[in-house]
1. Output the number of residues of segment 230-250 satisfying the condition of being closer than 18 Å to residue 275 by Cβ and either surrounded by 15 or more Cβ atoms within 10 Å (Cβ to Cβ) or touching a helix residue (DSSP H, G or I) at 6+ places or on another chain (Cβ under 8 Å) (or both).
2. Within the bounds of segment 652-669, is there any residue that is under 30 Å from residue 612 (Cβ atoms), at pLDDT below 90 and touching a strand residue (DSSP E or B) at 6+ places or on another chain (Cβ under 6 Å)?
3. For the condition modelled with pLDDT of 80 or more, part of a helix (DSSP H, G or I) and either within 26 Å of residue 65 (Cβ to Cβ) or not assigned by TED's automatic domain parsing to the domain that holds residue 81 (or both), what is the one hit in 147, 163, 134, 112?
4. Can you tell me which residue in segment 537-557 is surrounded by the most Cβ atoms within 10 Å (Cβ to Cβ), limited to those that are touching a strand residue (DSSP E or B) at 6+ places or on another chain (Cβ under 6 Å) and assigned to a strand (DSSP E or B)?
5. Would you tally the residues in segment 442-459 being under 20 Å from residue 363 (Cβ atoms) and either assigned to a helix (DSSP H, G or I) or touching a strand residue (DSSP E or B) at 6+ places or on another chain (Cβ under 7 Å) (or both)?
6. Just to be sure I understand the filter: pairs with C-beta atoms under 9 Å, separated by 6 or more residues or on different chains, first member in segment 413-435 and without any contact (Cβ under 8 Å) to a residue 40 or more places away in the chain, second member crowded, with 16+ Cβ neighbours inside 10 Å and assigned to a loop (DSSP other than H, G, I, E, B). Which pairs pass?
7. Give the residue that is nearest to residue 513 (Cα to Cα), with candidates limited to residues of segment 558-570 that are surrounded by fewer than 19 Cβ atoms within 10 Å (Cβ to Cβ) and either out of contact with any helix residue (DSSP H, G or I) (no Cβ under 7 Å at 6 or more places or on another chain) or not assigned by TED's automatic domain parsing to the domain that holds residue 594 (or both).
8. So which residues in segment 343-363 are in contact (Cβ under 8 Å) with a residue 60 or more places away in the chain and exposed (fewer than 15 other Cβ atoms within 10 Å of the Cβ), if there are any at all?
């Protein structure tokens, strides 16, 4: 069967051809001529050969140490030894070769031996630069011998040193020539093998839709291109990327950067548009896969182009969904932050430019959404978005940040405060007219917080946080809009900080309870303890509840925190015994928790879980909590009383209780606020208030507790006024469970 005709030679033919071109021996006389190495030099070397060879043992030790002090050389030597070689023989062979240079043999046979040594170095991975170091040691060695040996005539020293340097340079050059010849031959063989592999790959890959080609890095030419690549790019295939001219100019820098990464040995993939004669621009995935030799040098790169237009379109649709609010169609929080970051980047490049950041909150949205349903809420959000969008520029960004909160970015404004104030007033005006839903008019009010770059921050998250702080301050002050103020917004900033950190605090077990004992003034006996919540903040240490409970209420986290307090306090307290009797525990319930529909069932579950009855628990609420919805409060108190749970009114005297209602409610305890005790000894009016509260409590058949007692004289005065119980630092600071148990033990004695 005749061999197939092909312009490319078959691999065996190519390898033979390559060897024929590169296998001729090194011509030593060329190096002799260039180095001006003459017969006089060789005679001089032979004359002093024996003297120069005397220091061979010392030089051998230096060479040996040099090779093993270099980790890379040592690795090669160990690999040589693992494959059966003898390192000692290798070092001796190298030394013998260098000593042979002293006999002045500059024949072609000697040149061939030097070339063979270079090829051996290549085969075992000995880099030329490593040999250079060994030769440097050798030169230092022979120069020292020439300068110090007494057997050398003084008039011959310079000529002898020159002759030695010539033969060393000659040997180094021929050895390097042998190294690179071996490298070229190997590369030629690999290129021939690659050609054969490409022939096979062409047969297998000729019908696939992907475009494939391979680039030979040494020659910077395309050594293989699939039929699809040739059809797509035409007959002229320019390396390394044959269809580079079809890539838009704006994308070409990306491709060139990717190619450099491939040359450095890293595979790279990227997507980019490519013009198509029939269908216009389409998206292609361009992938480069480098192939390197065992020393890491990239020899060729396999390239692939695949039409991913449909996949790219699907991904764009998904990305749009991931950055778009599904209810209003506006940008979502993620896209809003991206747009804000982009606006800041542009402003930084334009001196004098500013960016205004606005956070808009709708006050009545939750009420309408809860009462009319989600359908009404969603439609209301869409109508709000439509009205606000009309007062903004095309370059501004309006986003729904979540719930009833919207974000606005005003980029590239010269007077940000004035522009933001104008937009805020226009937004307020746009939202002032009633909205209509199913023949019902819905009226809204809103608040806006504003921050400005660069006055209020340099980055997107800081500006957004400061705008949010200003919005909360506007809401607290019933203002339509406010700008961020560093000092004024400190508490709002803390609110925002806690907002993020409170999430997960329960799971991270950062909350803990401290307990403060309550003492009967008449008998001095312990009558109960109040559980006080503390947050072991990872940065700020122990944080009191007045700083984070309002945040927890706004975030909707107060119920799980209350549940944890109930479970933990009851579990701890059931183990406290005084004279064989359990110690009752009091817990504070916030307004939001008290009005929560599930409070009674959660208290019942906690009591069952701890295995104690209701008489073991006292619930403390403030006057304001009770009076905010008296009918609801009365029904909750009745249910608690049915469970046997005691009820205490905390901070009594600071709120606005209706005494006519108080006498009909199942209240067991009144707690006098500490503010009335601070100057009771010196201010008759405070003493009168305390006496009135005690008398009122007794008339209502309630126990009266004074909290915040810190001094003996206050205790004695309260006792004289008929107060029933006291708690405060005078008795004990709030203590964790273990500390409270120790206090109980000491108090018992």
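The values are calculated or read from the model by the stated rules, or taken from the named source; none is laboratory data. Note that the coordinates shown come from a computational prediction; the quantities given were computed from them, not determined experimentally. Positions of Cβ are generated from backbone atoms using ideal geometry, with glycine treated the same way; all protein chains shown enter the neighbour counts.
1. The qualifying residues number 11.
2. Checked segment 652-669: at least one residue is under 30 Å from residue 612 (Cβ atoms), at pLDDT below 90 and touching a strand residue (DSSP E or B) at 6+ places or on another chain (Cβ under 6 Å).
3. That would be 147, the only listed residue that is modelled with pLDDT of 80 or more, part of a helix (DSSP H, G or I) and either within 26 Å of residue 65 (Cβ to Cβ) or not assigned by TED's automatic domain parsing to the domain that holds residue 81 (or both).
4. The selected residue is 543.
5. Of the residues in that region, 7 qualify.
6. From segment 413-435, the pairs are 426/391; 426/392; 429/391; 432/444; 434/444.
7. 564
8. 346, 350, 352, 363
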